[in-house]
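See structure below.
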Amino acid sequence: QVQLVESGGGSVQAGGSLRLSCAASGYTYAYYCMAWFRQAPGKEHEGVANIDPYSSANYADSVKGRFTISRDNAKNTLYLQMNGLKPEDTAMYYCARTRYYNCDSDIHHQSVDAWGQGTQVTVSS
């Protein structure tokens, strides 16, 4: 019944920006930690960022200063603003529901119980 639907992916040149959105339904969105992950070809899932119900956020070192995670609890929507994109950011990006209320402090070791279908981000030189 939980549904997470990503949108906003696309192809951009290096240095460009994209804003990803994740529309959530089927659960009480406001009380869960939400996260963005990504997976490049041949690589494992990588935690990108997470955010708790009160908008306290954590980021992977590789995206700090470039990406911003945010949430609009009234709209049941999660966002990822991606600026200064690099070719190494090319990946399938996934929205995910993690823990009830509390986020995992380690961005690379999170417990996920629901995934979106993913949206492709491609960054060219």
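The values are calculated or read from the model by the stated rules, or taken from the named source; none is laboratory data. The structure presented is a predicted model; accordingly, all values stated were derived computationally and were not measured. No Cβ is skipped: glycine too gets one built from the backbone with ideal geometry, and neighbour counts run over all protein chains shown.
How many residues does region 6-61 contain that are closer than 18 Å to Gly116 by Cβ and among the polar types (S, T, N, Q)?
Result for region 6-61: 6.
Which condition number does Gly26 fail, the rest of (1) under 15 Å from Val5 (Cα atoms); (2) at pLDDT 95 or above being met?
Going through (1) under 15 Å from Val5 (Cα atoms); (2) at pLDDT 95 or above one by one, Gly26 breaks only (2).
Which of the residues that make up region 97-113 are loosely packed, with under 14 Cβ neighbours inside 10 Å and over 16 Å from Ser56 (Cα atoms)?
Taking region 97-113 as the starting set, the residues that turn out to be loosely packed, with under 14 Cβ neighbours inside 10 Å are 100-102, 105-106, 108-109, 111, 113.
His108, His109, Ser111, Asp113, listed by residue number.
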